[in-house]
Amino acid sequence: IVYPVTNTKMTVAEAAAIERPEYIVMTFGLNGAVQKVNKGEDYFKRCYLSLIDSVRRSSPETKIILQSAFPVAENMDVSNYSVNLKTLNEYIDTINSWSLELAAEQGLRYLNTSEILKNENGYLAHEYQSGDGHHLSEKAYKKILTYIRTHGYM
């Protein structure tokens with residue numbers, strides 16, 4: 001990441017060590033979704049657990065929340081992916097199910113914000129995307145923040 005205070009690159013764990021946040025919400029991004037699914041559940045969980053463990057070591061008091069990856073919209077250009085839109089959203093759902101399992105295995109909270117962003121067809125709703133089919137709108141982020149505040153640690 002780029003740490004905003006110093007504008008320097010560092011790992012999430014390094015930033016957590018500096019900030020010692022009360023909470024951290026981790027969300028698996030779209031980049032690499034196809035590769036992670038193709039490499040399998042064990043590979044995905046091992047990689048994610050490595051990140052979780054690094055944050056736990058650097059900031060032991062921080063409460064970690066895993067958040068679902070976000071769906072993509074029907075207008076997203078998938079020419080750089082080896083799958084169609086429907087399959088990509090299915091892969092994202094698979095990653096989310098693995099994240100939910102990992103959260104349960106590790107005693108972490110899991111927030112399924114993906115479900116609040118989907119339309120009736122299972123795609124990212126038009127009003128929640130910025131126009132390219134996968135980046136979120138301000139309205140989406142406000143909805144997600146409200147969901148985190150009402151479904152995270154109470």
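The values are calculated or read from the model by the stated rules, or taken from the named source; none is laboratory data. Owing to the predicted nature of the structure, the values given are computational and were not obtained by experimental measurement. Note that each Cβ is placed from the backbone with ideal geometry, even for glycine, and that neighbours are counted across all protein chains shown. Each accessible area value is taken on the protein alone, full model and side chains, heavy atoms only, with ligands, DNA and RNA left out. Shrake-Rupley method; radii C 1.70, N 1.55, O 1.52, S 1.80 Å.
Please list, in order, the residues from segment 63-89 whose amide nitrogen is less than 17 Å from a point placed 7 Å along the Cα→Cβ vector of residue 126.
Of the residues in segment 63-89, 72-77 have backbone N under 17 Å from the label point off residue 126.
If you average the alpha carbon positions of segment 10-32 and of segment 81-112, how far apart do those two centres end up, in angstrom?
So the separation of the two Cα centres works out to 18 Å.
For a quick check: with amide H placed at 1.01 Å from N, whose amide H comes under 5 Å from residue 118's, ignoring anything fewer than 5 positions away on the same chain?
125
Sequence-distant or interchain residues sharing an amide H contact under 5 Å with residue 137, placed H: which?
129, 130
Explain nothing, just compute: Karplus ³J(HN,Hα) = 6.51 cos²θ - 1.76 cosθ + 1.60, θ = phi - 60°, for every residue of segment 132-137 in order, whole Hz, x for Gly and Pro.
Here the 3J(HN,Hα) series is 9, x, 9, 7, 7, 8 Hz.
Taking all protein chains in place and a 1.4 Å probe, what share, in percent, of the accessible surface of the chain do carbon and sulfur account for?
Ligands and nucleic acids excluded, carbon and sulfur give 51 percent.
Along segment 117-123, what does the Karplus equation 6.51 cos²θ - 1.76 cosθ + 1.60 (θ = phi - 60°) give for ³J(HN,Hα), rounded to whole Hz, x for Gly and Pro?
So the J values, rounded to whole Hz, are 9, 7, 8, 5, 9, x, 9.
Could you pull out every residue, at least 5 positions away or on a different chain, whose amide H is within less than 5 Å of the one on residue 74? Hs are placed 1.01 Å off N in the peptide plane, and Pro or chain starts have none.
Close amide H contacts, sequence-distant or interchain: 124.
From the backbone phi of segment 51-63, what are the Karplus-calculated ³J(HN,Hα) couplings (6.51 cos²θ - 1.76 cosθ + 1.60, θ = phi - 60°) in whole Hz, Gly and Pro given as x?
Ordered by residue, 3J(HN,Hα) equals 5, 4, 5, 5, 5, 4, 5, 7, 8, x, 7, 5, 8 Hz.
Per residue, how much accessible area does the chain have with a 1.4 Å probe, in Å²?
Details: 8710 Å² over 154 residues.
Here the per-residue accessible area is 57 Å².
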